[in-house]
Amino acid sequence: MKKNTFYLVCAIVALINVLIFWVSVVQDRTPIYIQISIVLSAIVLYIIKREVKDPHEDERMVQINQMSAMRTLEIFWIVFFVISLGSIVWGFDRPGHFRENPPPYLNPGGPDSSLSAGSVTGGLPSEGFLFAGNIGFLQLFLLVLMLFLFVGFRLYYARKLGEWDTDEE
Amino acid sequence: MKNKIKVYRAMHDLTQEKLADDLAVSRQTILAIEKGKYDPSLELAFKMASYFGVTIEEIFTYSAEGAQE
């Protein structure tokens, strides 16, 4: 199999996954389909990739990927740590932890108010932020950030190690 | 690290593509080595020397200037 064919297969698999994601969200409202689909897709693509005959992934390419991955991790763990600490601060900012009274955004009407936390959010951090669905969005954002960081560093090191140099022959 | 791959390639009348194929690397890798942007692994350096029938020292000479970080 040629490399371009492999990329075509990747695109088809991605489209199928988008479809399954839609079915999971809208139709059956269960995450199991998309979760199984992603794992199966990864396995299938790994097997197919081994059949690619013209990968030309030599030692220079491996070095570029390694350096990019290392730099990505160096930056990403800081971002991940900062966001995690922020989430922990919000997590502790409630009665029963380090706060005796509810913070204003969890009790907008004051101590004697009957307003619930969910009734007023106004874009402020609320308890809902801790729900699994929103955590999923946050994780997806972090994954995309990681991907962008890797691609950025990949371009940088590829350029540094002569990827797009013109031939003098 | 400096190298004389371009010289040896010219002596053997080889294109970058042919040398890359024979050494199982990409043409861009040969080009990057020739331009001094990439220092090959010891294994690839030995393969190159063996390919041209010379010692490594005849092709590669160490130079701190321009060494990869």
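The values are calculated or read from the model by the stated rules, or taken from the named source; none is laboratory data. Predicted, not measured: the structure shown is a model, and the values here were computed from it. FYI the Cβ positions are ideal-geometry reconstructions off the backbone, even for glycines, and counts take in every protein chain you see.
Residue-wise test of (1) modelled with pLDDT under 85; (2) surrounded by fewer than 11 Cβ atoms within 10 Å (Cβ to Cβ); (3) not in a loop (DSSP other than H, G, I, E, B).
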residue	(1), (2), (3)
A:V9	no, no, yes
A:N17	no, no, yes
A:S24	no, no, yes
A:L40	no, no, yes
A:Y46	no, yes, yes
A:Q66	no, no, yes
A:A69	no, no, yes
A:E74	no, no, yes
A:G109	yes, no, no
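Scan the range B:44-65 and tell me whether some residue there is at the interface with another protein chain (Cβ under 8 Å from one of its Cβ atoms), surrounded by 12 or more Cβ atoms within 10 Å (Cβ to Cβ) and under 9 Å from the mean Cα position of the chain (by Cα). So far as the range B:44-65 goes, yes, one or more of its residues are at the interface with another protein chain (Cβ under 8 Å from one of its Cβ atoms), surrounded by 12 or more Cβ atoms within 10 Å (Cβ to Cβ) and under 9 Å from the mean Cα position of the chain (by Cα). Got a number for residues in the range B:34-43 being under 9 Å from the mean Cα position of the chain (by Cα) and among the hydrophobic types (A, V, I, L, M, F, W, C)? Looking only at that region, the number is 0.
Looking across the range B:22-42, the residues that are facing another protein chain (nearest Cβ under 10 Å) and out of contact with any helix residue (DSSP H, G or I) (no Cβ under 8 Å at 6 or more places or on another chain) come down to B:A24, B:K35, B:G36.
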